[in-house]
1. Of the peptides 434-440, 351-357, how do they stack up when ordered by the mean number of other Cβ atoms within 10 Å, highest first?
2. From largest accessible area down, sort I82, I220; use a 1.4 Å probe on the protein chains.
3. Net charge near R413: determine it from the other residues with C-beta under 12 Å of the C-beta of R413, scoring Lys and Arg +1 and Asp and Glu -1.
4. Mind listing which GluC sites (Glu not before Pro) in the stretch 291-400 are in a DSSP loop and have 14 or fewer other Cβ atoms within 10 Å?
5. Starting from the stretch 378-409, pick out the trypsin sites (Lys or Arg not before Pro) whose DSSP state is loop and whose Cβ has at most 16 other Cβ atoms within 10 Å.
6. Would you be so kind as to identify which of L279, V337, L290 lies farthest towards the positive end of the dipole of the stretch 253-366, taking Lys and Arg as +1 and Asp and Glu as -1 on Cβ and the Cα centre as origin?
7. Reported to two decimal places, what Rg/Rh ratio describes the stretch 179-314 when computed on Cα atoms with Rh from the Kirkwood expression?
8. Given K95/K381; K267/K381; K267/K343; K219/K462; K267/K335, which pairs have Cα atoms separated by over 20 Å?
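The values are calculated or read from the model by the stated rules, or taken from the named source; none is laboratory data. Given the structure is predicted, the values throughout are model-derived calculations rather than measurements. All Cβ positions, glycine included, derive from the backbone under ideal geometry; neighbour counts span all protein chains shown. These accessible areas exclude ligands, DNA and RNA; they are computed on the full protein's heavy atoms, side chains included. Shrake-Rupley method; radii C 1.70, N 1.55, O 1.52, S 1.80 Å.
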Amino acid sequence: MRYRLDPAAEAEAARGNLLGGLYTGGIASLVFAYMTGRIRAVTVVVEIPRTFELFPWLAGGTGLASALFAVALVVRVVRWQIALSQRRQARDPAKALLLPPSAEHGAALRQSRPGRTTLGNVVPLALLWVGFPLVIVALGALLTPERMGSREEEAMLVAAVGGGAAAVVLLVVGVDVTRRRLLARQVRVLSQDPAFAELMPPATAVLSRYRAPVIPELKITYYAPPRSIVFGLPKVSTARNVFGQPPLSIAYFRLFENELRVRDFVKGAFRRCGYVHLLRSAASVRYSELARMRRAGTLGELFIASDRRMLRELNARPLDPLPSGFRTIRAVGGKGVRVWDRKGSYPMSAYLCHGAYWKRAVDTLLDLADLVVIDLSGFQKENIGTGYELQRVIDRYPIHRVIVLADTGSDTRYLATHIRHAWSRMAPDSPNAGDGTRSLLVGQIAVGGQAATHHLLAHAHKRLR
């Protein structure tokens, strides 16, 4: 089973199928009994003949519908039993790790696939452009054939033009998506090429094999901030952010492929709160950037593969706040993100790391961070890279200075299970080890609800004091 089932939803669906089967089966039985003379004749103004020509169709159609409801009922009952079994497994922490998330958990991730939104908009329009003229022609030819005349040819021409235009748009979108996927795959292959790894000997960070002797209780606090826009905030400056506090250094971790959530993060209040640092994905590399380095023979400089290079990038990052206005934020995904900074913002720094170095880069970002934000929207146990980052945050960073992001469709029970599992594997030297209770803030931000991040960060500032 790919998704975790909801027992209440499956039981409700089974109940609906049962009622539908009883209703349609009752109609089929009643019509069949009337046809065969097993019940008395019915008179409504006039007597309804038992040999009425529509009775066989009505009995057969409702009987077929009843059979389909019966099959659907069996399927739903089986799914309901599976859902109950999954709920029992969820009570066991060891078995809960093996369960999949709910169906809504990866909605934002599925919408982030390259070209999905464009194709979703183009296909309905294409069907409308082609189908509507053809439907009009069919109805006209059926109802008023003498009045159609040359309109039939005109409608066919409109359908042909609409279909041709839709085909051209789909072709352009398909070529663009294919080009971006091939480019990202090429960059990923290069990032694993040992010829571009400068580490001698390798200095990749590894997780500790040992556990902390005393692991405190973890309290997970869920906060769903309102989506209202905040007014009256000051402009950002070198000394103060929009919350009136010194600007923070923010380390941001996420699923690379969940670009929809990355766009929401960029449009949110985080860049107005401080300097954001993140790792670049292969999809963020543009073709012109790769081609330019190939022509210059400096392809190895595309990736950060050593502490020396990482330190150089950190020292070269811009520090001056950006003024108010429109701008495009690049190097965070497959496409640039157009934003309007009403109060100004701080520069974002993205680092494209070699596959042999990115784990060490995670440690570097944690060392300079005042606040860590990790977006687990769409996270599953198969996301090994994000799972490593989550474990590393728990091992090396105070958990009260961490914000976990999730969208409103995320399976919070699934996320809590994996967070607590990582918490139980805490390293001995973790700053979170010891007695007492620790608290983790999980902000539930809807897709497209970037205005709510102002309230989330205002709430988080109280925890940082």
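1. Details: 434-440: 12.7, 351-357: 21.7.
Going by the mean number of other Cβ atoms within 10 Å, highest first, we get 351-357, 434-440.
2. On the way: I82 60, I220 25 Å².
Listed by decreasing accessible area, they come as I82, I220.
3. Working: positive: R4, R87, R91, R420; negative: D6, D411.
Net of charged neighbours comes to +2.
4. Details: sites: E301, E313, E382, E389; in loops: E382.
Hits after loop and neighbour filter: E382.
5. Details: sites: K381, R392, R396, R401; in loops: K381.
Hits after loop and neighbour filter: K381.
6. Going by the Cα projections, it comes out as V337.
7. Working: Rg = 19.9 Å, Rh = 19.1 Å.
Rg/Rh for the stretch 179-314 comes to 1.04.
8. Pairs exceeding the cut-off: K267/K381.
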